[in-house]
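The next block holds one structure in the form of structure tokens; read it before the comments.
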Amino acid sequence: MAIKGLGQIDKEYDGSKLRIGIIHARWNKTVIDALVAGAIKRLKELNVQESNIIVESVPGSFELPFGTQRFIEYQSKIGEPLDAVIPIGVLIKGSTMHFEYICDSVTHAIMNLQPRVNIPVIYGVLTCLTEEQATSRAGLVPGVMHNHGEDWGAAAVEMSTKFK
Amino acid sequence: MAIKGLGQIDKEYDGSKLRIGIIHARWNKTVIDALVAGAIKRLKELNVQESNIIVESVPGSFELPFGTQRFIEYQSKIGEPLDAVIPIGVLIKGSTMHFEYICDSVTHAIMNLQPRVNIPVIYGVLTCLTEEQATSRAGLVPGVMHNHGEDWGAAAVEMSTKFK
Amino acid sequence: MAIKGLGQIDKEYDGSKLRIGIIHARWNKTVIDALVAGAIKRLKELNVQESNIIVESVPGSFELPFGTQRFIEYQSKIGEPLDAVIPIGVLIKGSTMHFEYICDSVTHAIMNLQPRVNIPVIYGVLTCLTEEQATSRAGLVPGVMHNHGEDWGAAAVEMSTKFK
Amino acid sequence: MAIKGLGQIDKEYDGSKLRIGIIHARWNKTVIDALVAGAIKRLKELNVQESNIIVESVPGSFELPFGTQRFIEYQSKIGEPLDAVIPIGVLIKGSTMHFEYICDSVTHAIMNLQPRVNIPVIYGVLTCLTEEQATSRAGLVPGVMHNHGEDWGAAAVEMSTKFK
Amino acid sequence: MAIKGLGQIDKEYDGSKLRIGIIHARWNKTVIDALVAGAIKRLKELNVQESNIIVESVPGSFELPFGTQRFIEYQSKIGEPLDAVIPIGVLIKGSTMHFEYICDSVTHAIMNLQPRVNIPVIYGVLTCLTEEQATSRAGLVPGVMHNHGEDWGAAAVEMSTKFK
């Protein structure tokens, strides 16, 4: 019995009225670019208008949580509030312990950000032990895995619609 | 001396006046479905009315804590407040470190959610190293282990009655 | 030089005016029962009156932090406020990662509960890799170790007297 | 395909109006000094005026988070508020578990400081398993790696400009 | 190149006007006593008056964070507020996972205590894998390492003076 995999979505969601933010780190650019493209592709398939997909960047993944908060605040201030944000980062294990401490603090901070900003913040961070794991999950290795950015786009639409 | 196992409950609890929420992730659907069914079965045995068991879903386990909070707020807003919620997720170790960071942040977030929402939130998350560990704990491997969803149903009724 | 072990207490404490709560999980009942008995024995030796020792239970250790908070609030509400609480749980490593995530979240939550409830919450949780480690620390293996519940009883009296 | 490395910055940032704080621990001084120099060099290249780069120190990395908070508060109090701070520390694995607990608590505290002080706090902490890893990342081993302090200087300018 | 070790202090600090608290656990008393003596020795060298060094104790390290908070509050209440506190504990790895969970929760709690009490709380906790590591760091093994309590005394004076 193969039990893994994401179950069918509970119903079709319509993103035509949603404004979704994507904020990505710039380390490991090839993978990041593919993940951002995957998220945007899925958002559009769910009827999010291109003009309602706002893309921003920060240098590295450690900057994602505070950057996400400020991004949300800024969009509200200019009268274009976001319904959900997808922070995207790609972390790959190196020889120091940098990977472990960044992954851990960023994951907790993204989780804990949600009750404060009061919109869904989708976890778009890959925490990989090898480069191949990262490229596979961005859909860059044909026939291996799908682009995980697509899941994040779908989650953003579902979460911001369901619990509005 | 066999010391493991859950001790006898301190008294019989009656769930006939309770409204219990179940919110589950959709990854690893076979296992999730069995756990949700186990929780519902036990809730009913403890006299929770079927109409007072409200089931909701989110895409993945990372969405459980914020989804749980919003689910609780929504039920209060529509005048049908919940007495306890059981977030249910099934996480299985993969090749990246995704499992570790999701398990860790979700567990802390469910724990820390309770003082804010001020109702018991039962930890219905399986953190397994293999698929077989997950199916066993959902009662899907005959004769091995009982369905852990049943424990969660019982805990929801006890915790929301005892400390009301 | 043997350096391990608890140093002599700084002075004798008198618990005759204190009301102490014990709240225990029910998993691994034999060990739990011994630890609870050890804590009560020591509390009485320090002059805490039997009628001022209030014992409550929750299903499992994950329920301890929120149960402790509600227990404290309830005792205050009925006009019988607690001076300290000892949450007691026994966790034993199993084959999944359940042990690690429960131990970690419960320990942090008990720690962080203290400034909110503003009374000492004594850490009465055993985090064991084997059953034998648990029975030894509950004084159930003659001649090996003392019952750790006694230390927790003493700590509850000292902490609630010293920093009152 | 080489995927690692920091992607091109999204645009040129001008730091001429910014006031940036650097607060460093004093353990492992050679490496610290090089990292501080690297950060300052990059800040100047991005037009931050030398008089607007304020450097402070604390004894060790554990003191960085609270020191950073006080540093920010002090600069505000004297009418010279900071736009971003870079806490810099160098931790190297020793034989006890000191490294692990300091790295973990300092990283989380720097992350969690940001929403409270409401300016970007750049993670300038090296968490190395060997001395060589530390010297390499400070640009002290010719031809191996660049000085990571430069990245932190650039991140401080970008983050404080972009989300002002 | 030897890079390890604490760099020279940035300037001489004068502790003659400071009131410093030391609060220590009582487990592993020989090591604790030496560390407390080392801290006091250094405080005096930096001109802290003996009557301004207040020493308190708690049973074990888990009690340090809440004990520290209450100690600070009590000293304020009696009109003798502290300028910094050094919680001192000695944890040594045993056979269960007690060491890991105590070290982790205590370290985070001491870190997070600082913004709430708004004075420096110096991390005087040894997290050792062997008894020898502990005695060495308390200056009890001649010619091996210096007494780390001295560093903590110096850090208390510097931190409470610099960011007053």
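The values are calculated or read from the model by the stated rules, or taken from the named source; none is laboratory data. This one's a predicted model, so the numbers in the text were calculated from it and none came from an experiment. Methodologically, a virtual Cβ is constructed for each residue, glycine included, from the backbone with ideal geometry; neighbour enumeration extends over all protein chains shown. Just so you know, the surface numbers come from the protein's heavy atoms only, side chains and all, with ligands and any DNA or RNA stripped out. Shrake-Rupley method; radii C 1.70, N 1.55, O 1.52, S 1.80 Å.
Inside the stretch C:62-90, can you point out the residues that are within 11 Å of chain B (Cβ to nearest Cβ), closer than 22 Å to C:ASP151 by Cβ and buried (at least 23 other Cβ atoms within 10 Å of the Cβ)?
If the condition is that a residue be within 11 Å of chain B (Cβ to nearest Cβ), closer than 22 Å to C:ASP151 by Cβ and buried (at least 23 other Cβ atoms within 10 Å of the Cβ), then C:LEU64, C:PRO65, C:GLY67, C:THR68, C:PHE71, C:VAL90 are the ones that fit.
Could you check the stretch E:74-108 and list, in sequence order, the residues that are in contact with a His (Cβ under 8 Å, 6 or more places away or on another chain) and under 30 Å from E:VAL48 (Cα atoms)?
The initial filter retains those residues of the stretch E:74-108 that are in contact with a His (Cβ under 8 Å, 6 or more places away or on another chain), namely E:87-89, E:104-105, E:108.
If the condition is that a residue be in contact with a His (Cβ under 8 Å, 6 or more places away or on another chain) and under 30 Å from E:VAL48 (Cα atoms), then E:PRO87, E:ILE88, E:GLY89, E:HIS108 are the ones that fit.
Search the stretch A:137-164 for residues that are closer than 13 Å to A:GLY124 by Cβ and pair each with any residue that is open to solvent by 20 Å² or more (accessible area, probe 1.4 Å) and hydrophobic (A, V, I, L, M, F, W, C) when their beta-carbon atoms are under 8 Å apart and the residues are at least 6 apart or on different chains.
Partner pairs satisfying both residue conditions: A:ARG137/A:MET145; A:ASN147/A:ALA37; A:GLY149/A:ALA37; A:GLY149/A:ILE40; A:ASP151/A:LEU6; A:GLY153/A:ILE40; A:ALA154/A:ILE9.
Among the residues of the stretch B:23-65, which ones are on the phi < 0 side of the Ramachandran plot and among the polar types (S, T, N, Q)?
Scanning the stretch B:23-65 gives B:THR30, B:GLN49, B:SER51, B:ASN52, B:SER57, B:SER61.
Inspect all residues belonging to the stretch E:15-33 and state whether any of them is open to solvent by 20 Å² or more (accessible area, probe 1.4 Å), within 14 Å of E:VAL85 (Cβ to Cβ), more than 10 Å from chain C (Cβ to nearest Cβ) and not charged (D, E, K, R).
no
Mind counting the residues in the stretch D:37-54 that are over 13 Å from D:LEU18 (Cα atoms), within 14 Å of another protein chain (Cβ to nearest Cβ) and open to solvent by less than 30 Å² (accessible area, probe 1.4 Å)?
1
A quick yes/no check of all residues on (1) part of a loop (DSSP other than H, G, I, E, B); (2) among the β-branched types (Val, Ile, Thr):
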{"residue": "D:ILE54", "(1), (2)": "no, yes"}
{"residue": "D:PRO65", "(1), (2)": "no, no"}
{"residue": "D:GLU73", "(1), (2)": "no, no"}
{"residue": "D:GLY79", "(1), (2)": "yes, no"}
{"residue": "D:SER95", "(1), (2)": "yes, no"}
{"residue": "D:TYR101", "(1), (2)": "no, no"}
{"residue": "D:SER105", "(1), (2)": "no, no"}
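Filter the stretch E:91-105 down to the residues that are of a type in the set (Gly, Ala, Ser), open to solvent by 10 Å² or more (accessible area, probe 1.4 Å) and facing another protein chain (nearest Cβ under 7 Å) and list them by number.
Correct list: E:SER95 only.
How many of the residues making up the stretch B:107-153 are part of a helix (DSSP H, G or I) and open to solvent by 20 Å² or more (accessible area, probe 1.4 Å)?
Selection size over the stretch B:107-153: 13.
Give me a count of the residues in the stretch D:62-94 that are of a type in the set (Gly, Ala, Ser) and in contact with a strand residue (DSSP E or B) (Cβ under 8 Å, 6 or more places away or on another chain).
Result for the stretch D:62-94: 3.
Look through D:VAL90, D:VAL58, D:VAL48 and report the one residue that is over 12 Å from the mean Cα position of the chain (by Cα) and either closer than 12 Å to D:ALA25 by Cβ or of a type in the set (Ser, Thr, Tyr) (or both).
So the residue among D:VAL90, D:VAL58, D:VAL48 that is over 12 Å from the mean Cα position of the chain (by Cα) and either closer than 12 Å to D:ALA25 by Cβ or of a type in the set (Ser, Thr, Tyr) (or both) is D:VAL58.
Would you mind stating whether E:SER57 is within 11 Å of chain C (Cβ to nearest Cβ) and closer than 25 Å to C:ALA155 by Cβ?
When the stated conditions are applied, E:SER57 passes them.
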